[in-house]
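Engineer: Have a look at the structure that comes next, please.
The values are calculated or read from the model by the stated rules, or taken from the named source; none is laboratory data. In this text, all values refer to a predicted model and were calculated from it rather than measured experimentally. Cβ: placed from backbone, ideal geometry, glycine included. Neighbour counts: every protein chain shown.
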Amino acid sequence: MFIAHLPAGYLATRLILDRQPVPQPLRHRLLVLGMIASLLPDLDLLWFYFVDHRRQVHHAYLPHLPLAWVALFTVAALVLRLRRAGRTAWLAMIVVAANILLHQVLDTLAGGIRWAWPFSRAELVLSHVEARYDPWYLNFPPPLVLRPGDRRPRRGALVRVAPPRCETLIYVSPAEDRIRITET
């Protein structure tokens, strides 16, 4: 939760605030708000561990259903419009909405999110991380760094090759003997 969502929330909020002239004290408060909002959907982990006793994946709970958040943001926008809210309130809502929806996008990368709920229970999953180790964060190892002369990595490994002035990501597919290379 803190590994990806907190830094992503910081960067997303900075991106939003850098495009707007915002006084420094308000800028700091909005940055903190954005970082808190980036973690907000994972509050369902309290229910997951202490009430549900890990019976179902916490991405199936209401805080991880993007259309529920979109409905909530729509109502909030209507309220702000009816009350003729100022620029600060709109900016705060944009920061919160952007960070919560970014959380959903990031969770789609390494787990299933029900983007079409309540119309479908299908989960969109862009990659699968097998739960082999406890605690959970050990299932997300840092990429392996290869140097010239190293042997070929095992299947399913994400490998970072770091020659001078270039970085290349190599993914060895577990299902096939194909290698996908992405240069950055």
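Engineer: F48 versus (1) in contact with a helix residue (DSSP H, G or I) (Cβ under 6 Å, 6 or more places away or on another chain); (2) modelled with pLDDT under 90; (3) surrounded by fewer than 17 Cβ atoms within 10 Å (Cβ to Cβ): which is the lone unmet condition?
Structural biologist: Going through the list (1) in contact with a helix residue (DSSP H, G or I) (Cβ under 6 Å, 6 or more places away or on another chain); (2) modelled with pLDDT under 90; (3) surrounded by fewer than 17 Cβ atoms within 10 Å (Cβ to Cβ), F48 breaks only (3).
Engineer: Let me ask another. Filter region 69-99 for residues that are among the small types (G, A, S) and either exposed (fewer than 11 other Cβ atoms within 10 Å of the Cβ) or under 17 Å from the mean Cα position of the chain (by Cα) (or both) and give the result.
Structural biologist: At the first step, the residues of region 69-99 found to be among the small types (G, A, S) are 71, 76-77, 85-86, 89, 92, 97-98.
G86, A97, A98, listed by residue number.
Engineer: Sticking with this structure for a sec: Considering only residues that are in contact with a helix residue (DSSP H, G or I) (Cβ under 7 Å, 6 or more places away or on another chain) and surrounded by 14 or more Cβ atoms within 10 Å (Cβ to Cβ), look in region 51-67 and name the one that is farthest from F119 (Cα to Cα).
Structural biologist: Kept after step one, since they are in contact with a helix residue (DSSP H, G or I) (Cβ under 7 Å, 6 or more places away or on another chain), are these residues of region 51-67: 54, 58-59, 61-64, 66.
Then keep just the ones that are surrounded by 14 or more Cβ atoms within 10 Å (Cβ to Cβ); that gives 58-59, 61, 63-64, 66.
Values: H58: 19, H59: 16, Y61: 15, P63: 17, H64: 15, P66: 12 Å.
Top of the filtered list is H58.
Engineer: Something else now. Counting only residues that are more than 21 Å from the chain's Cα centre (by Cα) and either part of a helix (DSSP H, G or I) or among the basic types (K, R) (or both), how many does region 43-53 have?
Structural biologist: Of region 43-53, the ones more than 21 Å from the chain's Cα centre (by Cα) are 50-53.
After this cut, where a residue has to be either part of a helix (DSSP H, G or I) or among the basic types (K, R) (or both) as well, the list is 50.
So the answer is 1.
Engineer: Looking at (1) in contact with a His (Cβ under 9 Å, 6 or more places away or on another chain); (2) farther than 30 Å from S120 by Cβ, find the lone condition where P21 falls short.
Structural biologist: Of the numbered conditions (1) in contact with a His (Cβ under 9 Å, 6 or more places away or on another chain); (2) farther than 30 Å from S120 by Cβ, the odd one out for P21 is (1).
Engineer: Hey, does region 35-46 have a residue that's within 16 Å of R121 (Cβ to Cβ) and out of contact with any strand residue (DSSP E or B) (no Cβ under 6 Å at 6 or more places or on another chain)? Spell out how you get there, then give the answer.
Structural biologist: First, pick out the residues of region 35-46 that are within 16 Å of R121 (Cβ to Cβ): none.
Taking every residue of region 35-46 in turn, none turns out to be within 16 Å of R121 (Cβ to Cβ) and out of contact with any strand residue (DSSP E or B) (no Cβ under 6 Å at 6 or more places or on another chain).
Engineer: Which one is nearest to G9 (Cα to Cα) among residues in region 84-96 that are free of Cβ contacts under 8 Å to residues at least 40 places away in the same chain and among the small types (G, A, S)?
Structural biologist: If we filter region 84-96 for residues that are free of Cβ contacts under 8 Å to residues at least 40 places away in the same chain, which is where we start, we get 84-87, 89-90, 93.
Now restrict to residues that are among the small types (G, A, S): 85-86, 89.
Values: A85: 24, G86: 23, A89: 18 Å.
Going through the qualifying residues, I end up with A89.
Engineer: Do you know which of the residues in region 115-132 that are modelled with pLDDT of 85 or more and either in contact with a Cys (Cβ under 7 Å, 6 or more places away or on another chain) or not hydroxyl-bearing (S, T, Y) (or both) is nearest to L30 (Cα to Cα)?
Structural biologist: Here the residue is W115.
Engineer: Here is a check on your reading of the model: is L102 touching a Ser or Thr at 6+ places or on another chain (Cβ under 8 Å), modelled with pLDDT of 60 or more, surrounded by fewer than 16 Cβ atoms within 10 Å (Cβ to Cβ) and not aromatic (F, W, Y)?
Structural biologist: Details: touching a Ser or Thr at 6+ places or on another chain (Cβ under 8 Å): yes; modelled with pLDDT of 60 or more: yes; surrounded by fewer than 16 Cβ atoms within 10 Å (Cβ to Cβ): no; not aromatic (F, W, Y): yes.
So L102 does not fit the description; no.
Engineer: Among residues belonging to region 8-42 that are touching a residue at least 40 places away in the same chain (Cβ under 8 Å) and in a loop (DSSP other than H, G, I, E, B), point out the one that is farthest from L106 (Cα to Cα).
Structural biologist: Residue satisfying both the conditions and the ranking: V22.
Engineer: Of all residues in region 77-120, count the ones that are part of a helix (DSSP H, G or I) and either farther than 29 Å from P7 by Cβ or of a type outside the set (G, A, S) (or both). Before the answer, list the steps.
Structural biologist: Narrowing region 77-120 to residues part of a helix (DSSP H, G or I): 77-82, 87-110.
Next cut, either farther than 29 Å from P7 by Cβ or of a type outside the set (G, A, S) (or both) only: 78-82, 87-88, 90-91, 93-96, 99-109.
Matching residues across region 77-120 total 24.
Engineer: Checking R84 against (1) at pLDDT 50 or above; (2) at negative phi, only one condition comes out false. Which one?
Structural biologist: (2)
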